[in-house]
Amino acid sequence: MPTPATANQLRLTNIAACVSAAVDTLELVSDTLNTPFLSAISSTSRSLLKSVETAKQNKESCIELLEKTHQLIYAIIALHIRSDGAELSPSALNHIAGFTKTLHKIHHFVEAQQEKGWLKEFFRKGEISALLRGCNTGVQEAFDSFQASQLSSAHTLRQIIDDGLGQIEATGLVNDAVELQKSAQDTHLEVLKMIDSLPEMNISDRASSMNGGLSSAGNSSTSMTMLPSEPKIFHGRDSELADILSAFGQEPTRIAILGAGGMGKTSLSRAALHHPQVVVKYGQHRFFVACDTTHTKIELAALIGAHLGLKSGNDLTRLLIRHFSSGPPALLILDNLETVWDPTKSRGEIEEFLSLLTDIKHLALIITMRGAERPAKVSWTRPFLAQLVPLGKAAARQTLLDITDDVHAKEDVDNILSLTDNLPLAINLIAHLVESEGCSTVLSRWKEEKTAIISEGYDRKSNLDISISMSLSSPRVTSVPRSRDLLSLLSILPDGLADVELRQANIPIDHIRRCKTALLRTSLAYEDQGRLKSLVPIREYFQKFQPPSPQLLRPLRLYFHELLDLCTKHRGTLPSRGATDRIALNFANVQNLLLSGLNLENPDLVDTIYSVTYLDLFSMGLGRGGLTFMDQISNLLPEPKNHRLEVAIIMRRLTSWKYYPIPDPRALVDEVEEHFKHFDDPDALSVSISSGVIKCHADALDSLANLEWQNGDYAAGQKHAFESQRIAFSTLYF
């Protein structure tokens with residue numbers, strides 16, 4: 001007669017089935033939404049299940065920890081359901097990361113309860129007790145943090161868990177296995193319903209973004225972005241387009257599209273990119289790279305490499321040359337190249353880089369640049385493409401009528417066009433005003449606007465600037481007054497903003513979604529792969545006449561600080577793909593935000609300096625080199641010394657050993673250890689662990705070990721590697 005199952009055996013059987021179902025659902029969420037840390041939670045939970053079943057000691061404690069793990073997994077699932085599939089905030093991701101680390105501790109504890117195994121021998125009894133206390137403390141912190149991470153003030157942890165579990169209480173597990181199974185099935189169906197409600201484009205865009213960011217981080221062979229679309233309204237450039245197509249008959253093809261701002265250089269390059277003749281010749285080997293986010297040759301090479309799906313490195317120049325040289329015929333378009341070419345300090349290296357690219361005969365190169373000067377060291381295809389001039393009358397008229405419909409008198413249309421200098425961007429802006437206000441109103445406002453501008457001393461202002469100014473004073477914009485603030489913010493954000501950033505960053509702009517709509521309706525902004533952006537001439541207008549206030553910049557800077565802190569804190573210990581992708585997609589934005597915050601008036605200066613050190617390492621990891629403004633930090637460090645900040649700055653130097661030589665690493669490690677002497681409060685170890693200081697100590701010794709190993713001092717390298725491992729392992733007990 002079989003021995004009846006004990007209460008603990010029944011309890012374990014029930015919870016094991018529930019955890020397995022919960023992990024199935026969590027994996028579905030992870031595969032669909034790419035939230036960081038979920039894959040680590042799933043794999044660790046499955047391993048934990050097996051270990052609990054074979055545990056010989058402290059069985060009841062193991063089962064209790066498994067029950068709490070079950071509850072917290074469903075709390076995480078419920079957070080995603082409540083967010084309707086949107087990306088979670090940095091704060092919520094931090095809480096999930098914290099639970100992931102706690103789950104690893106739980107797994108270590110359960111492994112130590114096996115009858116045999118190295119962990120049982122390694123741990124002493126006191127260490128086992130300390131590890132269990134650490135597990136229980138971590139679980140309680142996870143419950144508390146998820147409650148603090150509520151999506152609205154009314155959402156408590158109990159509500160979150162009730163949504164995900166139905167009959168499962170936050171304080172314990174319902175004994176009815178049938179109810180548990182039904183709750184698990186209901187939650188799984190709820191997740192499927194959430195996924196079905198997501199627009200298909202949203203899912204593919206999320207995946208595309210993730211692949212893009214990951215490619216930038218050097219872990220993917222997927223290209224960074226899709227090609228931009230073909231321009232829908234395109235008139236008056238038939239002659240220039242024909243000249244470009246004719247140039248493709250010559251090899252090598254080297255074309256510079258030049259002209260003033262707002263002249264339609266980008267549109268012409270996109271029309272060539274999608275022309276059937278070009279598509280047939282180059283197929284999938286057409287690449288369009290917007291260069292307005294780059295400042296150095298290394299950054300430009302890294303950006304091109306990301307579009308090609310190349311693994312990142314210290315400087316991708318040679319890898320790019322090898323890639324294009326050994327590959328099939330390809331077309332590379334570098335848009336807005338003047339951003340990185342104009343500064344005299346970078347001009348020489350950019351021209352040398354272009355020269356290397358143009359040595360590859362089967363690589364066709366098109367650049368677009370503001371101005372009339374072509375970069376040197378390149379044999380440009382002759383005859384040169386003429387500098388773009390304003391559209392002819394017929395093309396300008398057709399462009400306006402395509403936007404406004406052909407319902408206006410010829411005289412009114414001619415009067416309207418006379419205001420635009422026939423600049424394509426100015427026509428586009430004015431046409432959208434005519435569409436909503438009519439010709440007579442626009443003409444009247446133009447006279448008032450120009451008179452006001454001249455009286456304010458801006459008599460040299462171009463008609464393009466006046467067109468922008470008029471668009472800003474149109475009823476569609478003035479009816480949502482804060483839309484100007486949003487456009488001002490976009491002026492220093494060349495990467496644009498995704499909806500998740502507009503929603504989560506606490507930007508102090510009322511009705512921000514309405515502001516976005518107003519900007520899109522007036523063509524002052526546009527959407528590119530789900531990101532709200534503004535054209536370069538409009539960004540420059542705002543940088544000159546209405547730069548964003550510190551109050552606008554601060555919340556966004558703090559938002560990205562939290563993301564950078566998350567990525568840095570768990571670097572090398574937990575996979576945080578989704579978070580690093582979000583930084584990669586906003587790299588130029590974060591650069592500009594941090595640079596604007598490097599001043600003594602910034603109330604968050606210490607956080608900004610931390611972020612600069614984090615982004616500098618991230619930049620080197622992307623293959624973009626170190627930040628050009630790192631040297632500004634030394635003059636802004638607080639007095640008396642902030643020892644944790646000093647450690648972070650030294651760690652940035654030590655961790656960069658892969659990219660730059662470090663003459664005396666031992667001295668840097670000694671300096672780190674000297675700062676550690678100031679962490680001597682009674683709770684120093686636990687405080688140091690929670691703030692990442694212990695990890696810094698372990699990382700410092702690890703960097704020293706690597707450098708010693710590189711230099712042939714194997715004994716010292718081994719010693720410091722073991723010491724690094726010992727320090728890192730000590731964090732298990734807290």
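The values are calculated or read from the model by the stated rules, or taken from the named source; none is laboratory data. Since the model is a prediction, treat every value here as computed from it, not as a measurement. When we count neighbours, we look across all protein chains shown, and the Cβ atoms used for this are built from the backbone with ideal geometry, even at glycine.
Considering (1) within 22 Å of Leu429 (Cβ to Cβ); (2) touching a Phe, Trp or Tyr at 6+ places or on another chain (Cβ under 6 Å); (3) not small (Gly, Ala, Ser), the lone condition that Val389 does not fulfil carries the number (2).
Screening region 1-40 for residues that are within 24 Å of Thr580 (Cα to Cα) and without any contact (Cβ under 8 Å) to a residue 40 or more places away in the chain and picking the one that is surrounded by the fewest Cβ atoms within 10 Å (Cβ to Cβ) gives Asp31.
Can you find, within region 467-486, the residue that is nearest to Ala588 (Cα to Cα) among those that are among the hydrophobic types (A, V, I, L, M, F, W, C), buried (at least 23 other Cβ atoms within 10 Å of the Cβ) and out of contact with any Cys (no Cβ under 8 Å at 6 or more places or on another chain)? Here the residue is Ile468. Taking the conditions (1) at pLDDT below 95; (2) closer than 23 Å to Gly262 by Cβ; (3) not in a loop (DSSP other than H, G, I, E, B) in turn, Ser523 satisfies each one other than (3).
Here is the figure for region 534-556: residues that are surrounded by 15 or more Cβ atoms within 10 Å (Cβ to Cβ), modelled with pLDDT under 95 and among the basic types (Lys, Arg) total 1.
Of the residues screened, Val378 is not one that is among the β-branched types (Val, Ile, Thr) and in a helix (DSSP H, G or I). The set of residues in region 31-43 that are at pLDDT 90 or above and either part of a helix (DSSP H, G or I) or in contact with a strand residue (DSSP E or B) (Cβ under 7 Å, 6 or more places away or on another chain) (or both) comprises Leu38, Ser39, Ala40, Ile41, Ser42, Ser43. Could you check how many residues of region 557-584 are at positive phi and at pLDDT 90 or above? The total comes to 0. On the given criteria, is Ser43 over 15 Å from Gly138 (Cβ atoms) and without any contact (Cβ under 8 Å) to a residue 12 or more places away in the chain? It is true that Ser43 is over 15 Å from Gly138 (Cβ atoms) and without any contact (Cβ under 8 Å) to a residue 12 or more places away in the chain.
The helices (runs of 4 or more DSSP H) found entirely in region 267-347 that carry 2 or more residues being of a type in the set (Gly, Ala, Ser) and out of contact with any strand residue (DSSP E or B) (no Cβ under 6 Å at 6 or more places or on another chain) are 297-308, 317-326.
Of all residues in region 224-251, those being in contact with a strand residue (DSSP E or B) (Cβ under 7 Å, 6 or more places away or on another chain) and surrounded by fewer than 21 Cβ atoms within 10 Å (Cβ to Cβ) number 3. Any residue in region 599-612 that is under 28 Å from Lys311 (Cα atoms) and touching a residue at least 60 places away in the same chain (Cβ under 8 Å)? No - not one qualifying residue is present in region 599-612. The condition (being of a type in the set (D, E, K, R) and touching a helix residue (DSSP H, G or I) at 6+ places or on another chain (Cβ under 6 Å)) is satisfied by just one residue among Asp565, Asp581: Asp581.
Considering Leu595, Leu600, which residue is modelled with pLDDT under 95, surrounded by fewer than 19 Cβ atoms within 10 Å (Cβ to Cβ) and hydrophobic (A, V, I, L, M, F, W, C)? Full working, then the answer.
Numbers: Leu595 fails: modelled with pLDDT under 95.
That would be Leu600, the only listed residue that is modelled with pLDDT under 95, surrounded by fewer than 19 Cβ atoms within 10 Å (Cβ to Cβ) and hydrophobic (A, V, I, L, M, F, W, C).
For Ile507, the test of being farther than 17 Å from Leu585 by Cβ, assigned by TED's automatic domain parsing to the domain that holds His432 and not in a helix (DSSP H, G or I) is passed. Applying the condition of being outside any helix (DSSP H, G or I) and of a type outside the set (A, V, I, L, M, F, W, C) to region 48-84 and asking which residue is modelled with the highest pLDDT yields Asn58. If you go through region 569-590 and keep only what is in a helix (DSSP H, G or I) and free of Cβ contacts under 8 Å to residues at least 60 places away in the same chain, you end up with just Val590. If you filter region 627-658 down to residues that are under 23 Å from Lys569 (Cβ atoms) and out of contact with any Leu (no Cβ under 9 Å at 6 or more places or on another chain), you find that the one that is surrounded by the fewest Cβ atoms within 10 Å (Cβ to Cβ) is Lys641. If only residues of region 369-412 that are basic (Lys, Arg) and touching a residue at least 60 places away in the same chain (Cβ under 8 Å) are counted, the one that is farthest from Gly261 (Cα to Cα) is Arg374. Quick check on Glu601: is it charged (D, E, K, R) and under 13 Å from the mean Cα position of the chain (by Cα)? So Glu601 does not fit the description; no.
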